[in-house]
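Here the structure comes first, spelled out in structure tokens, and everything after it is commentary.
The values are calculated or read from the model by the stated rules, or taken from the named source; none is laboratory data. Quick caveat, the model's predicted, so the values are computed rather than measured. Positions of Cβ are backbone-derived with ideal geometry, glycine not excepted, and every protein chain shown enters the neighbour counts.
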């Protein structure tokens, strides 16, 4: 891999193409809608701009893994980010585990350049004996967070041969929804007396739900769980309605509305559907915090 210089703005002016899936050596990945792809030496770059803001991503060929993601982050940061003169030293702790993706596990680290004019987020995706670095660069962390859901789509799509990345699906049809889907969540709260500081108990809420959806748009729904330590159960039947980016479950007892975000294939071959409540704004913060991940098992 040649030195990767973070003075990358030349890519915004260079001829480029659009494609669904691209490969760099043994690594393949999906290109999101609206992003521009251009191959580099040992990496593939993706760029996007909106007004005064820009985003740059680069997916690299794999590097040898030590088995420790923190050590691998330091190696990748030194090899890639510190190859130029804009950055100095290793990124500050903590290094966070990668969440909300359907791909390889790993960690990420963040840091400003010395002049605080660019901000870099480095992901290392652990794939057996090797790891795959993915870099995101923009003006600051807030700007990067504004498209964090897109970064998660890309890193979730990354595959090391013989596996092959699948295109990102930002459009849903009734045939895409056909099958059995599972989703759920869990939360727990501990309660303390403000005056004494004494622990007074806890409350737990969790549920597991399943939707069986037919190709002609009918569904059966069942849910069981616990809300504030009380058992909760629910069920319904009805029809599914699609339109304007919304997925609506119009049942006999409830009408539940979601915004469709995307549909991706996970490492185990299952299909993962990302939805958010229709009342939420479609932004990175809402998707990361409020995204509801539905899973359909791989066909046998």
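Restricting attention to the range 260-276, does a residue exist that is over 28 Å from residue 298 (Cβ atoms) and part of a strand (DSSP E or B)?
No, every residue in the range 260-276 fails to be over 28 Å from residue 298 (Cβ atoms) and part of a strand (DSSP E or B).
Of all residues being under 15 Å from residue 22 (Cα atoms) and touching a helix residue (DSSP H, G or I) at 6+ places or on another chain (Cβ under 9 Å) in the range 134-168, which is surrounded by the fewest Cβ atoms within 10 Å (Cβ to Cβ)? Just the residue, please. Step through it out loud before you land on a result.
Going residue by residue through the range 134-168, those that are under 15 Å from residue 22 (Cα atoms) are 134, 153-168.
Narrowing further to those that are touching a helix residue (DSSP H, G or I) at 6+ places or on another chain (Cβ under 9 Å): 134, 165-168.
Values: 134: 25, 165: 24, 166: 17, 167: 15, 168: 22.
If we take residues in the range 134-168 being under 15 Å from residue 22 (Cα atoms) and touching a helix residue (DSSP H, G or I) at 6+ places or on another chain (Cβ under 9 Å), then 167 is surrounded by the fewest Cβ atoms within 10 Å (Cβ to Cβ).
For the subset of the range 104-116 comprising residues that are outside any loop (DSSP other than H, G, I, E, B) and within 22 Å of the chain's Cα centre (by Cα), which member is surrounded by the most Cβ atoms within 10 Å (Cβ to Cβ)?
Residue satisfying both the conditions and the ranking: 106.
Being more than 25 Å from residue 167 (Cβ to Cβ) and at pLDDT below 90 is the requirement here; does residue 237 meet it?
In short, no.
Scan the range 46-57 and give yes if some residue there is crowded, with 20+ Cβ neighbours inside 10 Å and out of contact with any helix residue (DSSP H, G or I) (no Cβ under 9 Å at 6 or more places or on another chain), otherwise no.
Checked against the condition, which is being crowded, with 20+ Cβ neighbours inside 10 Å and out of contact with any helix residue (DSSP H, G or I) (no Cβ under 9 Å at 6 or more places or on another chain), the range 46-57 yields no hits at all.
Could you count how many residues in the range 74-103 are surrounded by fewer than 18 Cβ atoms within 10 Å (Cβ to Cβ), more than 14 Å from residue 121 (Cα to Cα) and under 14 Å from the mean Cα position of the chain (by Cα)?
2
Within the set of pairs 6+ apart or on separate chains, which have a first residue in the range 106-124 that is outside the structural domain of residue 76 (by TED's automatic domain parsing), a second that is modelled with pLDDT of 95 or more, and C-beta atoms under 8 Å apart?
Here the result reads none, with nothing in the range 106-124 linked to a residue that is modelled with pLDDT of 95 or more.
For the range 236-247, enumerate the residues that are free of Cβ contacts under 8 Å to residues at least 12 places away in the same chain and closer than 18 Å to residue 178 by Cα.
The one that is free of Cβ contacts under 8 Å to residues at least 12 places away in the same chain and closer than 18 Å to residue 178 by Cα: 243.
For residues that are closer than 23 Å to residue 28 by Cβ and assigned to a loop (DSSP other than H, G, I, E, B), scanning just the range 277-300, find the one that is modelled with the highest pLDDT.
Result: 298.
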